[in-house]
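Encoded as structure tokens, the structure appears first; notes follow it.
The values are calculated or read from the model by the stated rules, or taken from the named source; none is laboratory data. Because the structure is predicted, anything quoted here is derived from the model rather than measured. So basically every Cβ, Gly included, is an ideal-geometry build from the backbone, and we count neighbours across all protein chains shown.
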Amino acid sequence: MATTTQPQRGTTRVTKGQPGIRAWFRDPFILHKLLSLSGVIPIGGFMAVHLVLNSYSLRGETEFNTVVKTIGYLPFVGLVEIGLIFVPLLFHAIYGLFVVAEMQGPGGNLSRYGYARNWLYTLQRWSGVIALLYIAFHVYSTTVLRKLYEWGLTGGVAGGTEAAHLAGFRAISYDAMIWRFAEPLYLAIYILGVSMAVFHFANGLFNFCIRWGLTIGAQAQKISAVVWAFVGVVLLTIGLWTAVNFHLLSRDYKGSGQSIRATYPTLDVLVKTESAPADARPGAKPDGDASQAPLQ
């Protein structure tokens, strides 16, 4: 009598490479979609705008300082920064780290399937980790440092005064950025951090279009890959051009024949110097002596 063999059920249990397997993330569908969405809006959008605004430094001191002060005068700027930037970034970073922690390591998926998308999957995760470390460094060296001056916790100026607010502005002004980029290590960290952040954003846009059902077919995905790669190249070019320009300006500071670090040995010295940097008022016409007008 012939016997029939029943098909065996799969018994392999995946313990790596399947984000969401932990008890508190058993159904990661919604979280993954929110991870993808937050990476585009608002985090990615903010990064793109931030890079473009920084590029005003290519026009000159008055233009860059005017942009910096205009942003500082935005109504409820603190609430905007917390609600639209830091909270989404915190979610994206925390859940993203869980995804990275559950990737397949050496000998896993990447070693067995060396397809381009497998490499991009891995690079997407690790570029996010590097970008996160850079963002933490960048926020501390700019936003946090500015607040420390404004609150009187550094610089020797009483917090909450007009002098303290002016010191806070000077800590992230045109001259202050030249001072930072004069250091080759700072320039190298910036180049690495921005490169990883831009790649993470551009490749994330490709993944976003797939995850949200915008590019279903193979042809649509090929077009999407080219479009977002182009966007990434443009953003990276803007970021690197801005950084290199700051570094070059630091070598011959304002035609003095010496570097900015020789003129201002420390950032505190630069911040406390009345003539550096020039004060730009929001809306000031970027020519003439408008940049020298005192704060009102």
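Report whether or not Gly78 is assigned to a helix (DSSP H, G or I), modelled with pLDDT of 70 or more and over 30 Å from His247 (Cβ atoms).
When the stated conditions are applied, Gly78 passes them.
It is to be established whether one or more residues within region 156-165 are in contact with a His (Cβ under 8 Å, 6 or more places away or on another chain) and either among the acidic types (Asp, Glu) or crowded, with 20+ Cβ neighbours inside 10 Å (or both). Even if it seems obvious, please write down each step before you answer.
Initial filter on region 156-165 (in contact with a His (Cβ under 8 Å, 6 or more places away or on another chain)): none.
The answer is no, given that none of the residues of region 156-165 is in contact with a His (Cβ under 8 Å, 6 or more places away or on another chain) and either among the acidic types (Asp, Glu) or crowded, with 20+ Cβ neighbours inside 10 Å (or both).
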### Message
Looking at Ala280 and the list (1) crowded, with 20+ Cβ neighbours inside 10 Å; (2) at pLDDT 95 or above, which single condition is not satisfied?
### Response
(2)
### Query
Is it the case that some residue within region 172-184 is in contact (Cβ under 8 Å) with a residue 60 or more places away in the chain, in contact with a helix residue (DSSP H, G or I) (Cβ under 6 Å, 6 or more places away or on another chain), within 19 Å of His92 (Cβ to Cβ) and of a type outside the set (Ser, Thr, Tyr)?
no
### Query
Among all residue pairs at least 6 apart or on different chains, which show Cβ distances below 6 Å where the first residue, located in region 110-124, is closer than 19 Å to Ala225 by Cα and the second is surrounded by 14 or more Cβ atoms within 10 Å (Cβ to Cβ) and at pLDDT 70 or above?
Leu120/Asn203; Gln124/Asn203
### Summary
From the option list Phe230, Phe181, Phe246, single residue qualifying as among the hydrophobic types (A, V, I, L, M, F, W, C) and surrounded by fewer than 18 Cβ atoms within 10 Å (Cβ to Cβ) is Phe230
### Task
Report yes if some residue within region 200-219 is part of a helix (DSSP H, G or I), charged (D, E, K, R) and more than 20 Å from Tyr190 (Cα to Cα); otherwise report no.
yes
### Message
Of all residues being in contact (Cβ under 8 Å) with a residue 24 or more places away in the chain and out of contact with any helix residue (DSSP H, G or I) (no Cβ under 6 Å at 6 or more places or on another chain) in region 196-230, which is nearest to Trp119 (Cα to Cα)? Just the residue, please.
### Response
Asn207
### Query
Could we say that Val52 is touching a helix residue (DSSP H, G or I) at 6+ places or on another chain (Cβ under 7 Å), surrounded by 11 or more Cβ atoms within 10 Å (Cβ to Cβ) and either at pLDDT 90 or above or under 22 Å from Leu240 (Cα atoms) (or both) here?
yes
### Verdict on Ala136 being free of Cβ contacts under 8 Å to residues at least 12 places away in the same chain, surrounded by fewer than 19 Cβ atoms within 10 Å (Cβ to Cβ) and under 20 Å from the mean Cα position of the chain (by Cα)
yes
### Query
Pick from Thr242, Thr237: which is in contact (Cβ under 8 Å) with a residue 60 or more places away in the chain, closer than 27 Å to Ser127 by Cα, of a type in the set (Ser, Thr, Tyr) and in a helix (DSSP H, G or I)?
Thr242
